[in-house]
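Encoded as structure tokens, the structure appears first; notes follow it.
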Amino acid sequence: MDEGQWRDLIESYVAGRLSADSFKRRFLEAFAASRLAPPAIQDLFFTVDAYGGDPLSRGHDVADDAALTIAARRCLLHLAPSANASTPPPQQPGVGSPRPALRAPPGVAAGLGLGCLLIALWAAVGVLQLFAIAEQVDRVTALGPVISTLSASVLTFVPILGSVVAFFGAKDGWHWAPWAAALVFLALPITAQTLSVLTWRGRRR
């Protein structure tokens, strides 16, 4: 596939003509068949490959619909126009003003910034949850910090259970106020999961 064909595929997903699951399947099939994909496509591959269709089974290292859409839009900024796009007539020398520099639309730029902020926030909550779980496991089992941290690295990717254990680790081990522990480890994950489910169902319609 050339860059124009890659652009057609990605634009079909961004425009809503393809569901996230269908886009992932077609993208991976085309990537496997390509001998040398463009650098922007190679960067997008990691997000597409990490995309999890079922929000309830996602951990902190799995891409959701928002991350996939942001990565796809960012990739479009670095791809050549499609072969099907109309070509403007050549401009006569000395006629007209110079073409302005290519810039991302304000909506896309704002979406990229917000998406990066949310991803960073989600990663920070994931790291904090890991240590809170390790604290609670060590308090309850007295296995020591090493084994407790290894156990926490597994529990932190288990939906609901990891959040509940982290809540008690922060409340009882770190002596957080119950409302603060509930906000960070219960309210935020539940809100994120709910938004992911709604987005996922909306794309499948």
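In the stretch 19-39, what residues are among the aliphatic types (A, V, I, L, M), part of a helix (DSSP H, G or I) and either surrounded by fewer than 19 Cβ atoms within 10 Å (Cβ to Cβ) or at pLDDT 90 or above (or both)?
Once the filter is applied, which keeps residues that are among the aliphatic types (A, V, I, L, M), part of a helix (DSSP H, G or I) and either surrounded by fewer than 19 Cβ atoms within 10 Å (Cβ to Cβ) or at pLDDT 90 or above (or both), the stretch 19-39 yields LEU28, ALA30, ALA32, ALA33.
For the stretch 115-205, list the helices (runs of 4 or more DSSP H) that sit wholly inside it and hold at least 1 residues that are out of contact with any Cys (no Cβ under 6 Å at 6 or more places or on another chain) and at pLDDT below 90; which are they?
The qualifying helices (runs of 4 or more DSSP H) are 145-155, 161-168, 188-204.
Considering only residues of the stretch 2-18 that are surrounded by fewer than 16 Cβ atoms within 10 Å (Cβ to Cβ) and not in a helix (DSSP H, G or I), which is modelled with the lowest pLDDT?
ASP2
Take the conditions of a type outside the set (Lys, Arg) and more than 21 Å from ALA66 (Cα to Cα) and apply them to ALA142. Does it pass?
In short, yes.
Are any residues in the stretch 20-39 more than 24 Å from THR199 (Cβ to Cβ) and in contact with an Asp or Glu (Cβ under 8 Å, 6 or more places away or on another chain), and if so, which ones?
The one that is more than 24 Å from THR199 (Cβ to Cβ) and in contact with an Asp or Glu (Cβ under 8 Å, 6 or more places away or on another chain): PRO38.
Which one of THR149, THR191, THR156, THR141 is touching a residue at least 40 places away in the same chain (Cβ under 8 Å) and either β-branched (Val, Ile, Thr) or surrounded by 14 or more Cβ atoms within 10 Å (Cβ to Cβ) (or both)?
Residue meeting the stated conditions: THR156.
The values are calculated or read from the model by the stated rules, or taken from the named source; none is laboratory data. Worth saying up front: this structure is predicted, and the values here are computed from it rather than measured. Here the Cβ is made from the backbone with ideal geometry for all residues, glycine too, and neighbour counts use every protein chain on show.
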